[in-house]
1. What value, in deg cm²/dmol to 500, does the helix sum -39500 (n - 2.57) over DSSP H runs of n ≥ 4 give at 222 nm once divided by the residues of the chain?
2. Among the DSSP beta bridges whose two residues both lie in segment 144-266, what percent are antiparallel, rounded to the nearest 5?
3. What stretch of the chain, leaving out the sites themselves, is the longest with no GluC sites (Glu not before Pro) in a DSSP loop having at most 16 other Cβ atoms within 10 Å?
4. Angle check, please: helix 9-19 long axis (alpha carbons) against the longest principal axis of the chain (alpha carbons), in degrees 0 to 90, nearest 10.
5. Taking the chain as the reference, fit the longest principal axis to its C-alpha atoms, fit the long axis of helix 167-177 to the helix C-alpha atoms, and give the angle between the two in degrees, 0 to 90, nearest 10.
6. Per-residue HN-Hα couplings for segment 239-245, Karplus 6.51 cos²θ - 1.76 cosθ + 1.60 at θ = phi - 60°, whole Hz, x for Gly and Pro?
7. Please quote Rg/Rh for the chain to two decimal places, taking the Kirkwood radius as Rh and restricting both calculations to Cα atoms.
8. What figure, in Å² to the nearest 10, do you get for the accessible area of residue 79 with a 1.4 Å probe and non-protein molecules left out?
Amino acid sequence: MILSGSASQALAAELAAELGEPLASVEYERFPDGELLASAPDVADADPDRAVVVASTVSSDAHLELLQLQDAAREWGASEVVTVLPYMGYARQDDAFEAGHPVSARAVARAISSGTDRVLTVAPHEDAVCDFFEVPAESVDAAGRLADPLPADLADPVFLSPDEGAVDLAETVRDSYGAGELDYFEKTRLSGSEVELSPSDADVAGRDVVVADDIIATGSTMAGAVGILREKGAGRVFVTCVHPMLASNAVTKLSRAGVEAIYATDTIERPVSEVSVASALAEKL
Ligand code: R5P
């Protein structure tokens, strides 16, 4: 039985179809005091079997829904509860960055661990975040599929990551596409919404460029990269990422910077989610 958090309904349905497992009818309510109630009334009549809770924790409410659905599955008597976090919120807060700060990724991992037997998460910022869970946890790679929506006629393409940390991801996209030069920008983060990028050495004039990253959050990183590439005379500039958080005015920032198109997966369900991670997850389930 597949149970979906409210932010992951399309992916959960696709996963249920891939696995041939039933999709529970989940209800999401909010009480007058603001408290949430995510419930799956029909699982009470199902045979105790494994429950797969699919929930991207894109907000505090989504975290709460996930904990409730795990508990509903236990209450129902599921023989195994598997938690799928297509996008794991707080994964980027994987250290106490200043004295007195929490390791937020560890805090949420502990809470999630208490209601499950196993965790799968797609492309967390660092795979080491899986060590914070107190049950077996595995990172699933879906970057190869990001090449699927790219036009087949890219002109002498260059594949770039906006920082050195994401160059492996850009390389995976390049290899899946089948051709192209690989390079990366140097990035310095100035604040939560401001970054400074130094151009890569690649000569991009007249060439199509694909910039690949794990997440587009505020869009500052990608918009900065697109702006630099435009100034350097690049042809079409495509951006692609695993997690299209696209917070606030990120899409506008990218459009104003001159992006040709944005492609992403459905770990966070957005209009740009052209690639599904359902088959990559199904293989691990
Ligand atoms: C950081 O290292 C990540 O890989 C992303 O580059 C970053 O989190 C994107 O954030 P934003 O869209 O807010 O610039």
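The values are calculated or read from the model by the stated rules, or taken from the named source; none is laboratory data. Just so you know, these numbers come straight off a predicted model, no measurement behind them. Methodologically, a virtual Cβ is constructed for each residue, glycine included, from the backbone with ideal geometry; neighbour enumeration extends over all protein chains shown. Only protein heavy atoms, including side chains, enter the accessible area calculation; ligands, DNA and RNA are left aside. Shrake-Rupley method; radii C 1.70, N 1.55, O 1.52, S 1.80 Å.
1. Working: 7 runs with 76 residues, N = 285.
Calculated mean residue ellipticity at 222 nm is -8000 deg cm²/dmol.
2. Approximately 25 percent, going by the DSSP bridge assignments.
3. Details: sites that count: 35, 98, 126, 134, 260.
Longest stretch, sites excluded: 135-259.
4. In the chain, helix 9-19 runs at an angle near 80 degrees to the longest axis.
5. Around 80 degrees separate the two axes.
6. Per-residue couplings from phi come out as 10, 9, 8, 6, 10, x, 4 Hz.
7. On the way: Rg = 19.8 Å, Rh = 19.7 Å.
Taking Rh as the inverse mean 1/r over Cα pairs, Rg/Rh reads 1.00.
8. Solvent-accessible area, nearest 10 Å²: 90 Å².
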